[in-house]
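Colleague: This is the structure I have questions about; it appears just below.
Only the coordinates and a few stated rules stand behind these numbers; no lab work does. Since this is a predicted model, take the numbers as computed values, not measurements. Here the Cβ is made from the backbone with ideal geometry for all residues, glycine too, and neighbour counts use every protein chain on show.
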Amino acid sequence: MSVRRIMGTETEFGISVPGQPGANPMLTSSQVVNGYAQTQPLARKTRWDFDEEHPLRDARGFDLSREVADSSQLTDEETGLANVILTNGARLYVDHAHPEYSAPETTNPRDAVVWDKAGELVIMEGARQARLIPGAPQLNLYKNNTDNKGASYGSHENYLMRRSTPFASIVRHLTPFFVSRQVVTGAGRVGIGQDGAAHGFQISQRADYFEVEVGLETTLKRPIINTRDEPHANPDRYRRLHVIIGDANLSEISTYLKVGTTSLVLAMIEDGWLTDDLSVDRPVTALHEVSHDPSCTHLLTLKDGRKITAVQLQTEYLEQARKYVEDKYGDDADRQTKDVLHRWEQVLDQLATDPMKLSDQLDWVAKYKLLQSYRDRDALEWDDSKLHLIDLQYADLRPDKGLYYKLVKSGRMQRIVSDEEIRMAVAHPPTDTRAYFRGRCMQQYAPQVAAASWDSVIFDLPGKESLQRIPTLDPLRGTKAHVGALLDQCDTASDLVRTITGGAAG
Amino acid sequence: MAKDGGQQHKQPKRSSTEEEVEQVEASEDVQERKERLDEDVDSILDEIDEVLEENAEEFVRGFVQKGGE
């Protein structure tokens, strides 16, 4: 494999009402989700189908009993909170105390960026709709991961992997990669420690909230490698690697490299290509130390005794990936794989010489440069509220307030996708995964869709007593090539279900 | 992999006057570039000053979230 595989991102957005720190976040999050629901062709509330959800299934081969699970881990029980399945195949819902956008399944890093960015527009539109209700408060939404007072919320990545790959080798080869990749993927943060009590800048929003190496939890004792094993696909063939360690990125290049390089490393693990043990001594501490050093010169100690920087550790993975792609594909490697390798190399070269030159590419560097400019001009110390505000406002989703968007608007951030593509992705699903079937069903048959999930669409049809469940267990079926013509032909959901169940042999 | 800086060092020999002229030009370039960069930094800070929330301390204190995931 290459950088291509089934992948997708999930983002929990920060939400606040200015002047009302006590506002109920479940309520405000619901207002955003319900606000967006009004823009969708919906005649009824489509439920999420929890049939195939197994949040307590552990990739190491056992189930955590429900009695010992923390209530926050029971994500398969209907909470009654707002939940919408979108015409672009995404899921928009309230997760705990945040609005969450789970992007539709895509097949490559660039598409993952497009549908991830679409989520920003979805959330902003939800907030805009919510504000139209008379008496509604101002709702501010942030694509970040911490309030700098002890709370963190996630932005997760999902990668479909071969079931046959031993989980132990995933842990072994992915842990050093995750300890070091933040120098590329970090979103930058003012404040050190979970509650931000120590003063200073660090590379990652999330690093300080990680406390163990491997585990099932996502809300407490967060692990570098998360073992949740809900493949949302044929479990005999696939696992879904649920990555919880990433920062929420606004920079398109940061997200692109985050999912692109991770996908490549997973391909090497699946093919048994990585043989060198790059294990890092005390990885959780190392993760924190790398994040706390924006000069990118901190020396990690590997288990074999070598001392190298996070950038050098990333370069080891890059060199392996180059050889792997050359060995497997030679010149026939697809364009995106070549592009990811090329950009990864350029970024690592710059990080090794002068990280600040990446201020138009990477989130953490853009933020750091801005903060340093303010420090120079106004002689500010790291505990100054203004610097904390800049950190926060970088991630503000309002186009006229968000500092990331300001940098884009003035040509100070490079981009790799267009506004037009992102706008299209707000309304339309990717064409090459089952998200296409799900999204088209929501576009055409919303009133008859009783429930949906990653691996099913369930119809409530006139004249039928029982619900009709169309499984979509294979992420690569239900594509435009597969069902586009069928969906064009079927005017009603009844037509569709009749054609599928009557036309197919099983 | 050196992409920058490789060429200037390989100039053929020339008279000292030419060299002096080149050096003056080069330092002017650097100076100009630095000024341009400074101006750029000033202008982005000015732009951002305009949109920053007014009471930074209160605004930051009021941003309180619950944990997620």
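Colleague: Could you check the simple spin-label distance between A:ASP281 and A:GLN414, using points 7 Å along Cα→Cβ, in nm with one decimal?
Modeller: Going by the 7 Å Cα→Cβ label model, 3.6 nm.
Colleague: Please report A:TYR101, A:TYR445 as a ranked list, fewest other C-beta atoms within 10 angstrom at the top and most at the bottom.
Modeller: Least crowded to most crowded, the residues run A:TYR445, A:TYR101.
Colleague: Set the Förster distance to 30 Å, then compute FRET efficiency between B:GLU47 and A:LYS357 from the Cβ-Cβ distance, nearest 0.05.
Modeller: Values: r = 22 Å, r/R0 = 0.72.
Once rounded, the FRET efficiency stands at 0.90.
Colleague: Using the Karplus curve 6.51 cos²θ - 1.76 cosθ + 1.60 with θ = phi - 60°, work out ³J(HN,Hα) for each residue of region A:349-360 in order, rounded to whole Hz, and write x for Gly and Pro.
Modeller: 4, 5, 4, 6, 9, 8, x, 4, 5, 8, 5, 9
Colleague: If you don't mind, another one. Quick one: order A:THR492, A:THR28 by neighbouring beta-carbon count within 10 Å, fewest to most.
Modeller: Least crowded to most crowded, the residues run A:THR492, A:THR28.
Colleague: Once you sort the root eigenvalues of the Cα gyration tensor of the protein assembly as shown as a ≥ b ≥ c, which label holds: rounded (a/c under 1.5), prolate (a/b larger than b/c) or oblate (the other case)?
Modeller: Prolate shape, in that a/c is at least 1.5 and a/b is the bigger ratio.
Colleague: From the phi of every residue in region A:4-9, what ³J(HN,Hα) in whole Hz does the Karplus formula 6.51 cos²θ - 1.76 cosθ + 1.60 yield, where θ is phi - 60° and glycine or proline is x?
Modeller: Karplus-based 3J(HN,Hα) across region A:4-9 equals 8, 5, 5, 8, x, 10 Hz.
Colleague: Read phi for every residue in region B:51-64 and hand back ³J(HN,Hα) as whole Hz from Karplus 6.51 cos²θ - 1.76 cosθ + 1.60, θ = phi - 60°, with x for Gly and Pro.
Modeller: For region B:51-64, the Karplus curve yields 9, 4, 4, 6, 9, 4, 4, 5, 5, 5, 5, x, 8, 10 Hz.
Colleague: Provide a whole-number value for the mean count of partner chain Cβ atoms within 10 Å of the Cβ atoms in peptide B:47-55. Walk me through the numbers before you get to the answer.
Modeller: On the way: counts 6, 10, 4, 2, 9, 7, 8, 1, 4.
Partner-chain Cβ atoms within 10 Å, mean over residues of B:47-55: 6.
Colleague: So, one more: Using just the helices of the protein assembly as shown, give the 222 nm mean residue ellipticity in deg cm²/dmol: DSSP H runs with n ≥ 4 each add -39,500 (n - 2.57), and the total is spread over all residues, rounded to 500.
Modeller: Numbers: 16 runs with 240 residues, N = 575.
Dividing the helical sum by the residues of the protein assembly as shown leaves -13500 deg cm²/dmol.
Colleague: Too long at a 19 Å Cα-Cα cut-off: which of A:LYS117/A:LYS258; A:LYS221/A:LYS367; A:LYS258/A:LYS386; A:LYS338/A:LYS406; A:LYS117/A:LYS143; A:LYS401/B:LYS66?
Modeller: A:LYS221/A:LYS367; A:LYS258/A:LYS386; A:LYS338/A:LYS406; A:LYS401/B:LYS66
Colleague: Report the Cα centroid-to-centroid distance between region A:203-264 and region A:118-134 in angstrom, as an integer.
Modeller: Between the Cα centres of region A:203-264 and region A:118-134 lies a distance of 27 Å.
Colleague: If each residue's Cβ is checked for other Cβ atoms within 10 Å, how do A:LEU264, A:LEU486, A:LEU139 rank with the fewest at the top? List each step's numbers first, then the result.
Modeller: Numbers: A:LEU264 28, A:LEU486 16, A:LEU139 22.
So the ranking, lowest neighbour count to highest, is A:LEU486, A:LEU139, A:LEU264.
Colleague: Pairing the Cα long axis of helix A:480-489 with the longest principal axis of chain A, what angle in degrees results, from 0 to 90 and rounded to the nearest 10?
Modeller: Once rounded, one gets 40 degrees.
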